[in-house]
Each structure stands twice: as structure tokens, then as C-alpha cells.
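Where a number appears in this text, it was derived from the coordinates with a stated rule and is not lab data. Note that the structure is a prediction, hence the values are computed from the model and not measured. Because the Cβ atoms are built from the backbone with ideal geometry, glycine has one as well, and the counts that use them run over all protein chains shown.
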Amino acid sequence: MPPTRPGSSPKTGGGVGIPNSSFLTPHSVSVRYHRHVNKRTFSHLAVVGVVGFLSLAFACQSGGPPEVRADRVVMVSYDSLGADLAWRWISDETVSSPDGLAGMAQHGFSAERLRMVDPTLTAVNHISLAAGRDAAGTGVVGNSFHKPDTLITDWVSGFTASSDAETLWTAARRNGLRVGTLVWPGGDAGAVDRIGDFGAVWPGPPLASSELVELDPGTAETTGEVPSNDGLAPLLWRQVINLGSAAPNDQELLIALVDADPNGRPRYDTVAVRLADEDDWGYVGEMEWLEIDFEARAGDDLRPHLYGSWCKVLHIDRFTGALRFYRGEVNRLHAYPDAFEDRLTEAIGPWPGEPDRAVGDWWLDLSQGVDLDTFIEQGERLNRYIDRMTEWVLAEEDADLILAYHSPLDVYLHASLITDELQWAYSPGRALAAREGLKRMGRSIDRSVASLWGALEPERDALVVVSDHGQIPIFEVVRPNRALADAGLVRVVDEDGRSRVAPDTPMVAVAGGALIHLYLNLAGREPGGVVTMAEAPELLRRAARVLADLEAEDQPAVEKIYTRGEAAAIGLDHPSSGDLVVFLAPGFAAAGGLDGPALGPSRYYGQHGFLASHDEMFGVLFARGAGIKKKRFGEVEATAVAPMIARWLGFELGDPPETTIDR
Ligand SMILES: [Zn+2]
């Protein structure tokens, strides 16, 4: 279907939405104090109005959200679980656990779909789910974005940004409740308002990346430490895992291949593995996993930690002894406070890592990268790990509210939403494999829901299942900074052989998924800003035209362009929003870098960040337990979730103290 392009065509005029002057409101260039106060007061009033309206809509609908009192609430988010996908899984019985998603729908209350806030990005919507405000109300306007009064080349991550509006974890603690945040986006423990009483945080880059190694029998030594049969001497290889600046700065892994079966036929069939400084070998067969654990202290660790790497024997040539071995990335659990981290690591082990994006190489060439089975098994493992974390917390910690987050479905869909012949990796067979793999991810989520339900007490606890958006297939990547640089609107410098956006650029695009915030480098707003107020309208008009003209396969890349002021219509008119807010059309995704052409085929296949009005961007809402009656709602706003949970636990979400002081 050709995507619609409401008013974004420069040829038809008018629709691009660059008004003559209104895109720069007067208070956005007044002195800082007044602008801050004006803006905050305005956005607060606007947000109160919107939230009030939405709550009313929810309340009018079939009697409103259930009025229950819960001793404990667990809210779990499955990233990228779209409403249509979840309901399809329930109706076609892809998911069938009695206490899984179908059980939630059958015994609890559910929404046909959860209307997410714009932009439909992970950090944005997890903060909105926790704060009950849209992006203009939280100030978390993207997975990354630029803040006014900072250098144009300074961007912040939405995953480590504080919300302007109070979150559930802060409000609950203010009311004397104990809160655990289990890798919930935005709960990064980086500030007093981004922390619970205890929790786990997203671990960041691994200590060592994963590695696929082809072990050649011609280079093997042998060893007498492991038994082998039928006259085959063990083959032995030594692999060094480089740990960079950590102490120790590497680990040596011994990998042996033997014939474990004394059946008279000399065939290699089993791999033995140990670390060089340990004594015991672990044994695994082909397609089996093993975990390697060791203590290390990374450069930014304050103390040694237990690190782990999940490894898999991918292929054994039984005759020649050639071995294909996957050494998973090296990770640890990051949790707070330290004593909690120690106990949790002891109970569930190191962080196992996400599904390996090297599956992207496999989709293009089945002899390369990480195969789909391995990729899915990694996703199942991480889902199960978060479940064990949540179950352990429920059993061991005195918690009133737990927020838990699962990323594997999101990783799966980005890498493997292969449905369309325009996509690079598409073939009917690959689309089928991707579809079948997706069902496995659905069953993994279903088992997760069932296990959480099993860990709760139905009479007094409530389980709430949500998500942050779905995904849409993409075939083309847009590099807005490259397109704008080609048009002379973004200034580029060469730094160590790499192209970078120059500090004196007139503008820059900060991209995430299908969303682009385009910021002017405005004199008086950005330090060192180079664009005057008089030049601004024309520059924005030119930038909008450049972006609106991008197309591939006869489809325009851009669906809609808003000025910041116009973005009030979608709850995105925050001072940190772009001077232009650009939404790409289904089929396209944006990349912020300059390392490629303005348009090119995508090497990954699913994305989000599209306008929340697209059916695929709706998320899910299910709740069960604590006296919740069975009820089916139609469409519910994502911003209604946090106030509902607060009421169940007996408190109200309020304003953060700093807002009060500002006034
Ligand atoms: Zn997400």
C-alpha cells in the first residue's frame, strides 16, 4: 500500500506545515528564567487538561478502570508487543498457557489496544507508562534528543534522562512504598528520581563482544586431560577473550574436541571447555549451550564482579574435527544497591545478554553470522532470566511495586520482521522462517506471563502486562544528516578520517527509529549558535523540502512534518523537541550518522517511532488479580496506566518538587 503523506508534499504547498513565523514562539528566545517558567506552566496546564480528558474517556468506557486495592503490583513490559500481534496470538492459539496472555484476557481486564504516546519509541513510552504524561509532559521526547541551552552537537539519551513529571517509582517511595525497577527503561539509577529502593539496570556494552570462531584441526594441539575413544586423540585449541582495560585483561579459554562414544567408530562428537586457570571441564554436544563464568573488574567497576558468557557449539565435523564455536558476549548483572546485586547475582547468575544481532548476516547468507535458532534461544534465555529475577524479588524482597522489562521481542522484530519482497533479505522461505520464529518468541512471552502469574498471590496481588509499541516492516534507511549535508544545510567536518557534524552547523537531525528531531543551531539559544531568528524560517522550509523530497521505490520517505508548535497536536511540543519533528512513512527508518548515502537498503527489517496513529504502533494492556473483574475495554491511552496503578496502591502521582520550586 502506498503510504499516505498528509500535507507533506512541497508540490502541493501549505501542507509541510512551515508557518511564516509561528514555529519560533517568542518565549523560546527570551531569557532562560522566564522561558522556563512560561513553558513549564503552559505545558503543565496543557498536560493536566489532556490527562483529565483521557482519564474521563477511560472512565466513561464500560465503567472505567477497575477500582481495586492491591498489596503488590507487578507491571511487566514486553518491548514491541503490538496489540494486533498479541490478540492474533491469543485467537489463533499460538499462545495457549492457561495463565499466559490468554488467561489474562479470559480472567482479567484487557484493552483491545493501548494508544501509545508520540513518538512510539522505547524510552519515551516507558517513561510515559510510568509517569502518566505524554512526551511534552515528561520531556523525554526521543531515545536520544538535544536539549536547548546546550551545544548543538550535544545529545542526551532518553534512557538516562529524568522525567519532568513524577514517575510511579518516585511517587510510590514518597508514599512509603517499596519499589523495585528491573531494567525498566528510565530507571537507570543515575539520579535520585531514576531509582527505586532496589533494582537492576540496563547493563550497557558488554565487557567483550561475541565471536564466531572456526577452529581448524590443522592448528590443534592435544591434551591428556579429557578422555576420547576409538583411537581419536583429543584436539585442543586455546582462545583468548580480550577484556580490554579490565583486570584481568584477558581470559584464556581451552576448547577440546573428543569422541565420547566408545562405539568402535572414530567420530568427534563432544566439546569440552574450561578456563585456563580452572580445573574442571564442561562437556557439550553439537547445538548445545554452556556458560563460562569468571570474576573480573572492568575499568569502571568499583569492585570485582562475576561475569558470564553463554557459548554454543554450532557445528562439529565428525570426521575432520573442524569445529564452529560461538563465544557469546561477556556481561554482568548491574543492580543496586551493592548488597542486592550480590544476592541477585548469586541467585540467578550474570546477565546473559540479548539476542545477537549477527543474525542479520545470517539472513543474507546462511553460512554467515548467528543462525535463527541460536538467536531465538538467546531471546528465550533473556526472557527467562528476567522472569527468574522478578520471581526471586517477589520471594525475597518486601516490595509493593515492581516494574520489569523484557527486550527480546523488540530485538527479534528489528532483526527479523521479514514480510515484504522489497526487503533485502526477503525470500518466501525466509519470510516463513521469520514468521515461525516470531511464534516462538510469542510462546516465550506467554511462558513469562504464566510464570509471573504463578509467583503472585491472586487475591492480593495484581499483574499488569503492557508494551511500548509494535513494529512495522522497513526496507529503506534514510540518513537525514547526509541528505541535509548534500543540500548544504548541515555542515560536516572530517575528524580522524570520519565525517562528523560540525559545531557551527546551521542545523542537525537527531534520529531514532522512524522519528527525526531537527534542531536549528540558533544564536541566543544554542551556545555558539550560528542561525539568526531572521534566517530560521527559510532554513527550516529548505530542510523540510529536502526531507519531503526523499523517496525510494516510488514511495515518499516522510509521512508528516510538524513544527515544534504544531507538535502540540500530538503531545510533543516540549522545548527539547526539534524545531521540526519529522515522522517517516512505513517502510522507512532513519539513521543519524553520515556513514552512508542519504537513502539505502536497510540491513534490518522492523522499526517503530512511526506516528502512534498507525495500527501497528498500538501496544497492549492486560491486568489480572487483586479482585479485578473480567472486562474488555476498547482503546485505552498509555497515559492512563500510571494513575491507575497508583490508585490501586493507594497513592496519587504528583508533581516533582522542583516544579513546585520553579513556580
Ligand atoms: Zn520499545
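Worth pointing out:
- E93-E291 pseudo-label distance in nm [points 7 Å out on the Cα-to-Cβ vector]: 3.5 nm
- Among the helices of the chain, those built from whole DSSP H runs whose Cα atoms reach 20 Å or more along their own axis and whose mean Kyte-Doolittle hydropathy is at least 0.0 are 32-60.
- In order along region 508-516, phi translates into HN-Hα couplings of 8, 9, 10, 10, x, x, 9, 10, 10 Hz, rounded to whole numbers, per the Karplus curve 6.51 cos²θ - 1.76 cosθ + 1.60 with θ = phi - 60° and x for Gly and Pro.
- Theoretical gain in end-to-end length, D338 to N263 [0.36 nm per residue, Cα-Cα removed]: 21.8 nm
- Charge dipole of region 568-663 about the Cα centre (unit charges at C-beta), most positive-ward option of A569, F583, A612: A612
- Computed from backbone phi, the HN-Hα couplings of region 476-487 come to 9, 10, 9, 10, x, 5, 5, 4, 6, 5, 4, 8 Hz, rounded to whole numbers (Karplus: 6.51 cos²θ - 1.76 cosθ + 1.60, θ = phi - 60°; Gly and Pro given as x).
- In this label model, T219 and W424 are separated by 2.8 nm, measuring between points 7 Å along each Cα→Cβ vector.
- Multiplying the residue separation of K439 and L599 by 0.36 nm and subtracting their alpha-carbon distance yields 54.4 nm.
- Pairs from K439/K631; K439/K630; K560/K630 whose Cα-Cα separation, in the structure shown, is over 31 Å: K560/K630
- For L599, the residues whose amide H sits under 5 Å from its own are R479, ignoring neighbours fewer than 5 places away on the same chain, with H placed 1.01 Å from N.
- Charging the Cβ of each Asp and Glu at -1 and of each Lys and Arg at +1, and nothing else, the dipole of region 255-312 about its Cα centre rounds to 180 debye.
- Less than 5 angstrom separates the built amide H of G139 from those of D164, all sequence-distant by 5 or more or on a different chain.
- Measuring spread by the Cα atoms of region 82-223 yields a radius of gyration and Dmax of 21.2, 67 Å.
- For region 205-332, the normalised intensity computed at q = 0.14, 0.20, 0.22 Å⁻¹ comes to -0.60, -1.08, -1.25 (log10 of I(q)/I(0), Debye sum over alpha carbons, equal scatterers, no solvent).
- One Cα centroid belongs to region 534-587, the other to region 363-385; the line between them spans 36 Å.
- For region 380-483, the alpha carbon convex hull comes to 133 Å³ per residue, rounded to a whole number.
- Assigned charges on the beta-carbon of Lys, Arg, Asp, Glu; the chain dipole about Cα centre (debye): 2520 debye
- Values of log10 I(q)/I(0), in the order q = 0.14, 0.15, 0.26, 0.30 Å⁻¹, for region 425-465 under a Debye, Cα-only, solvent-free model: -0.48, -0.51, -0.84, -0.95
- When the Cα positions of A322, A233, G299 are compared along the charge dipole of region 205-332, A322 comes out farthest toward the positive end, with charges on each C-beta of Lys, Arg, Asp and Glu.
- If you wrap the Cα atoms of the chain in a convex hull and average its projected area over all directions, you get 30.9 nm².
- With a simple spin-label model that places each label point 7 Å from the Cα along the Cα-to-Cβ direction, the separation between N175 and E397 comes to 1.9 nm.
- Charged-residue dipole, Cβ positions (Lys, Arg, Asp, Glu), region 547-620 about Cα centre, Debye nearest 20: 240 debye
- Its residue count N fixes a reference of 2.2 N^0.38 Å for region 492-556, and the Cα radius of gyration divided by that reference is 1.29.
- Computed over neighbours whose Cβ is under 11 Å from that of R384, the net charge equals -1, Lys and Arg +1, Asp and Glu -1.
- Alpha-carbon centroids, region 157-203 and region 101-141: separation in whole Å: 16 Å
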